[in-house]
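Reading through the structure tokens given below for one structure.
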Amino acid sequence: MKFRPHPYQKRAIQFVIQQACAGLFLDPGLGKTAIMLYAFDLLKREKMVRRMLVVSPLRPMYQTWPAEVKKWDQFNHLKIGILHGPLKSSVLNDPDVDA
């Protein structure tokens, strides 16, 4: 499925791109994950960033982020690594991990 941002999501993407660091405080279900993936992918293609660190509760970390990457066609090429549990060191050292 192709991600087509709503006007408020476009504004959020612009906000994220224009900041050195940013946080989104939007209600559940408004597409925070897709917004951040879109902004990250754009910055990565422009060679402005290599990786993204996402700080989140465990449930979104294990369920939402991987599901959103699989859901949207534009983000299927991104590789998520989870820095939690006994394998977090190997994730940090994996050059293929994007977020």
Measuring from the longest principal axis of the C-alpha atoms of the chain, the long axis of helix 7-18 (C-alpha) lies at a number of degrees, nearest 10, equal to 60 degrees
Computed over the chain, protein heavy atoms only, probe 1.4 angstrom, the accessible area per residue in square angstrom equals 71 Å²
Once Lys and Arg are counted +1 and Asp and Glu -1 for all other residues with Cβ under 14 Å from that of Asp96, the total becomes +2
The orientation-averaged projected area of the Cα convex hull of the chain, in nm², is 6.4 nm²
Full extension between Gln74 and Met48 adds, at 0.36 nm per residue less the Cα distance, a length in nm of 7.5 nm
quick shape note, the range 1-54: Cα extents on principal axes in Å, largest first -> 28, 25, 18
For the chain, the accessible surface attributable to carbon and sulfur atoms (probe 1.4 angstrom, ligands and nucleic acids excluded) amounts in percent to 59 percent
On the formula 1/(1 + (r/R0)^6), with r taken between the Cβ atoms of Tyr62 and Ala22 and R0 of 22 Å, the FRET efficiency rounded to 0.05 is 0.45
Cross-link reach from Lys2 to lysines, straight Cα distance under 28 Å and at least 8 residues apart if same chain, gives Lys10, Lys32, Lys44, Lys47, Lys70, Lys71, Lys79
Rounded to the nearest 10 degrees, the helix 32-45 long axis (Cα) sits at an angle to the longest Cα principal axis of the chain of 80 degrees
Over its alpha-carbon atoms, the range 45-99 yields an Rg and a Dmax in Å of 11.5, 33
Dividing the helical contributions, -39500 (n - 2.57) per DSSP H run of n ≥ 4, by the residues of the chain yields a 222 nm value, nearest 500 deg cm²/dmol, of -11000 deg cm²/dmol
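The values are calculated or read from the model by the stated rules, or taken from the named source; none is laboratory data. Keep in mind it's a predicted model, so treat the numbers as computed, not measured. Positions of Cβ are backbone-derived with ideal geometry, glycine not excepted, and every protein chain shown enters the neighbour counts. Ligands, DNA and RNA are excluded from the accessible area calculation, which covers all protein heavy atoms including side chains. Shrake-Rupley method; radii C 1.70, N 1.55, O 1.52, S 1.80 Å.
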